[in-house]
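The values are calculated or read from the model by the stated rules, or taken from the named source; none is laboratory data. Remember, it's a predicted structure, so these values are computed and weren't measured experimentally. A quick note on method: Cβ atoms are made from the backbone with ideal geometry, for glycine too, and the neighbour counts reach across all protein chains shown.
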Amino acid sequence: MVAKESKVRQRVTEQDVHQFAGPVVIRDPKAFADQLEAFVQARVSATIEAADQAVRQALRNKAAHLRAETRWSKRRLSTLLTL
């Protein structure tokens, strides 16, 4: 099952950015947070789209396997039931 995007989006905040303060120097926490948010959203969207495409293709394949080679008819059903 594909996870749907939550209606409540938790954005990357300046407070979140401070966890990176040790390993890197961040001169503009707001700009960094905005860029990080854009990056994360792009990756999440791409992942969701790829998963959606995979699910659609799997459902197409399953539907194709479920289709009968011949159309249903009462006569054919009665013939099969008498076998």
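Below are the figures for this structure:
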quantity	calculated
Residues that are of a type in the set (D, E, K, R) and surrounded by fewer than 12 Cβ atoms within 10 Å (Cβ to Cβ), drawn from the stretch 9-51	9, 11, 27, 28, 30, 43, 49
Enumerated helices (runs of 4 or more DSSP H) restricted to the stretch 1-82, each holding at least 2 residues that are of a type in the set (Asp, Glu), at pLDDT 75 or above and out of contact with any Lys or Arg (no Cβ under 9 Å at 6 or more places or on another chain)	29-66
